[in-house]
1. State the number of lysine pairs found in the range 45-95 whose Cα atoms come within less than 14 Å, restricting to pairs 8 or more positions apart or on distinct chains.
2. Label points 7 Å out from Cα along the Cβ direction at Phe78 and Arg11: separation in nm?
3. Of all accessible surface on the range 5-88 at a 1.4 Å probe, what whole percent is carbon and sulfur?
4. Please work out the average accessible area per residue across the range 1-105, using the 1.4 Å probe convention, and give it in Å².
5. Tell me which residues come under 5 Å, amide H to amide H, from Ile83 once H is placed; ignore anything under 5 positions away on its chain.
6. When ranked by the protection proxy of mean other Cβ atoms within 10 Å per residue, highest first, what sequence do the peptides 108-115, 51-58, 37-44 form?
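The values are calculated or read from the model by the stated rules, or taken from the named source; none is laboratory data. From a predicted model like this one, the values you see are computed outputs, not experimental measurements. Cβ placement follows ideal geometry from the backbone for every residue including glycine, while neighbour counts extend to all protein chains displayed. Each accessible area value is taken on the protein alone, full model and side chains, heavy atoms only, with ligands, DNA and RNA left out. Shrake-Rupley method; radii C 1.70, N 1.55, O 1.52, S 1.80 Å.
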Amino acid sequence: MNKDVGRNAERELVLIFREAGFNAVRIPTSNSSSNPLPDLFATKGDLLIAVEVKSTWEKKVKVRSLQVEKLLSFLTMFPMKGIPIIAVKFKGIREWRYLVVEEPGDIVVDISNSRPLDELLKVAFIIDGPVHEQGEVEP
């Protein structure tokens, strides 16, 4: 992902999280750091969401294991409930989608294995509801 495209996608996503009532911040240059930092993180109540951000015109995007491991490691530093996600802006369908990371390793995100980001953001009770393996939120 081009650096300017990536920064713009991250900034757009921060605004989307803020509009949904989250506190959100982008972490500049997180990918080049050896520290376990996501591209951005968002909090709401006792919930912490660590996000690896991608933007593509393709139908799928591969996320390297190092980036996935940074998400998982970042969340272990905090006592609050954490959800590691990969958020992808699929420009061809003009939609942000997300996938909850379950384990370390390379991950390919496509439209069929991801969910619309609006589902995650609109659910006010996510703070109290468990997240299932497929990223579904239970009331």
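1. Working: Lys54/Lys62; Lys54/Lys89; Lys54/Lys91; Lys59/Lys89; Lys59/Lys91; Lys60/Lys89; Lys60/Lys91; Lys62/Lys89.
Count of close lysine pairs: 8.
2. With each label placed 7 Å out from Cα toward Cβ, I get 2.3 nm.
3. Details: 2230 of 4140 Å².
Answer for the range 5-88: carbon and sulfur cover 54 percent of the accessible area.
4. Numbers: 5530 Å² over 105 residues.
Heavy-atom accessible area per residue stands at 53 Å².
5. For Ile83, whose amide H was placed from the backbone, the distant partners under 5 Å are Leu48, Ile49, Ala50.
6. 37-44, 51-58, 108-115
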